[in-house]
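Where a number appears in this text, it was derived from the coordinates with a stated rule and is not lab data. Just so it is clear, the structure is predicted and the values come from calculations on it, not from any experiment. Ideal geometry is used to build each Cβ from the backbone, glycine not excepted, and the neighbour counts take in all protein chains shown.
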Amino acid sequence: MAANNSPEKQLTSMLDRLQANGAYSDLKIVCGSDTYLVHRNIICPQSDFFRAACRPDTFAEGRTGVINIPASSGRNDEFFAKPIKVEDFDWDLDVETTESVKLMIHYFYHHDYLERETAKLQGLLFYSDEHRKGIMAEHSRMYAMGEKYGIPGLKSLAVAKFRRAYAGATHTGLAASLVIVYKSTPESDKGLRSLLLGLLSIYGRRYKENTEIQQIISSIPDLCYGLYQRCLEDKILYEDELNEEGR
């Protein structure tokens with residue numbers, strides 16, 4: 001019983017109530033038909049974007065207390081019925097959707113997102129042919145949102161969740177993930193790129209005959225070069241091990 005009344009539990013419960021009822025809110029985030037009553041002292045310390053936007057002497061949003069984020073509902077089922085193509089990538093349709101904004105705001109108050117969906121996958125080992133939609137794509141979207149809005153904590157969490165899915169051989173959404181990561185993050189950002197390179201290297205046999213995955217790889221020069229570098233590193237490591245055994 002005492003654990004339920006711990007300071008940590010009380011703080012978590014308080015933040016949950018603040019997000020739910022908007023009490024003491026001093027900032028509105030409007031996204032499509034959704035309006036979020038949020039708190040500058042919770043949002044701004046976690047995000048470079050919102051910290052800058054809320055400066056009263058710099059942007060109108062800082063004076064009005066209203067920030068508008070244009071977003072759509074994203075891709076429909078018809079889009080996912082066909083193979084994903086790199087050239088079709090669109091930030092507003094593939095990343096910054098109304099659902100992604102909702103999850104970002106949820107993160108500010110809970111330092112988590114898609115809790116139930118992640119928990120369902122915990123400890124599961126399975127393979128799926130569904131590479132256009134799925135948990136890897138969701139984590140990639142949130143990573144990209146963290147990059148755009150300057151939220152280091154969200155990016156770190158997305159990497160951790162992606163790594164757990166990867167380790168559990170849960171690769172749903174891999175095709176979309178490859179496109180999102182390589183089209184929405186700079187080359188210098190290795191957070192998810194390194195994990196994807198590792199996944200494709202380890203599970204190369206699985207995807208060698210997957211036409212959709214192979215087409216995406218061949219369409220992204222940075223991804224091709226990254227896999228080439230990974231092959232060279234593995235070859236050098238293998239040769240070093242042989243030399244050590246021969247001594």
*Could you tell me, in Å, what Rg and Dmax come out for the Cα atoms of the stretch 156-247?*
14.6, 47
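Below 8 Å, C-alpha to C-alpha, sequence gap of six or more: please give me the relative contact order for the stretch 47-122 in percent. Can you show the working numbers first?
On the way: 44 pairs, mean separation 15.2, N = 76.
Reported relative contact order: 20 percent.
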*Whole-Hz Karplus ³J(HN,Hα) for the stretch 153-166, in order, using 6.51 cos²θ - 1.76 cosθ + 1.60 and θ = phi - 60°, x for Gly and Pro?*
x, 5, 5, 5, 5, 4, 5, 4, 5, 4, 5, 5, 5, 4
*May I ask for the angle, rounded to the nearest 10°, between helix 135-148 and the longest principal axis of the chain, with both axes built from Cα atoms and the value confined to 0 to 90°?*
60 degrees
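Relative contact order, percent, of the stretch 1-70 when contacts are C-alpha pairs under 8 Å separated by at least 6 residues? Please list the in-between numbers first.
Details: 73 pairs, mean separation 17.5, N = 70.
In percent, rounded to a whole number, it is 25.
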*For the stretch 52-60, take each phi angle, set θ = phi - 60°, evaluate the Karplus expression 6.51 cos²θ - 1.76 cosθ + 1.60, and give the result in whole Hz per residue in order, putting x for glycine and proline.*
6, 5, 8, 6, x, 9, 10, 10, 4
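About its Cα centre, how strong a charge dipole does the chain have in debye, to the nearest 20, once Lys and Arg get +1 and Asp and Glu get -1 at the Cβ?
Working: 30 positive and 35 negative charges, 116 e Å.
With Lys and Arg at +1 and Asp and Glu at -1, about 560 debye.
Indicate, rounded to the nearest 5 percent, the antiparallel portion of the DSSP beta bridges found entirely in the stretch 1-70. Numbers along the way, then the final one.
Values: 5 of 8 bridges.
Percentage antiparallel, nearest 5: 60.
Considering only DSSP beta bridges where both residues belong to the chain, give the percentage that are antiparallel (nearest 5). If you can, show how the numbers build up before the last one.
Details: 5 of 9 bridges.
That works out to approximately 55 percent antiparallel.
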*Per-residue HN-Hα couplings for the stretch 197-206, Karplus 6.51 cos²θ - 1.76 cosθ + 1.60 at θ = phi - 60°, whole Hz, x for Gly and Pro?*
5, x, 4, 5, 6, 6, 9, x, 4, 5
*Pairing the Cα long axis of helix 221-246 with the longest principal axis of the chain, what angle in degrees results, from 0 to 90 and rounded to the nearest 10?*
50 degrees
*Determine which residues of the stretch 65-83 fall in the zone a paramagnetic label at D26 would reach in this model, i.e. backbone nitrogen under 19 Å from the point 7 Å along Cα→Cβ.*
65-68
*What translational diffusion coefficient, in µm²/s and rounded to a whole number, does the Stokes-Einstein relation yield for the stretch 72-246 at 37 °C and a viscosity of 0.692 mPa s, taking the hydrodynamic radius as the Kirkwood radius over Cα pairs?*
194 µm²/s
*Amide H to amide H, which residues 5 or more places from A71 or on other chains are under 5 Å from it, using H placed in the peptide plane?*
G32
*Counting Lys and Arg as +1 and Asp and Glu as -1, each charge on the Cβ, what is the dipole of the stretch 1-70 about the Cα centre in debye, to the nearest 20?*
100 debye
*Under the Kirkwood approximation for Rh and a Cα-based Rg, what ratio Rg/Rh is obtained for the stretch 1-70?*
1.09
*So for F80, F108, fewest C-beta neighbours within 10 Å to most, what's the order?*
F80, F108
*What order do you get for Y228, Y107 when you list them from fewest to most C-beta neighbours inside 10 Å?*
Y228, Y107
_Contact order relative to length of the stretch 72-246, as percent, for alpha carbon pairs under 8 angstrom and 6 or more apart_ = 22 percent
*L11-F59 FRET efficiency (beta carbon distance; Förster radius 25 Å; 0.05 resolution)*: 0.25
*At E115 and F79, where each label point lies 7 Å from the Cα along Cα→Cβ, what is the point-to-point distance in nanometres?*
2.9 nm
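In which sequence would E99, E212 go, from the one with the fewest C-beta neighbours within 10 Å to the one with the most?
Working: E99 15, E212 18.
The order, fewest Cβ neighbours first, is E99, E212.
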*If one takes the longest principal axis of the Cα atoms in the chain, at what angle in degrees, from 0 to 90 and to the nearest 10, does the Cα axis of helix 174-184 lie?*
70 degrees
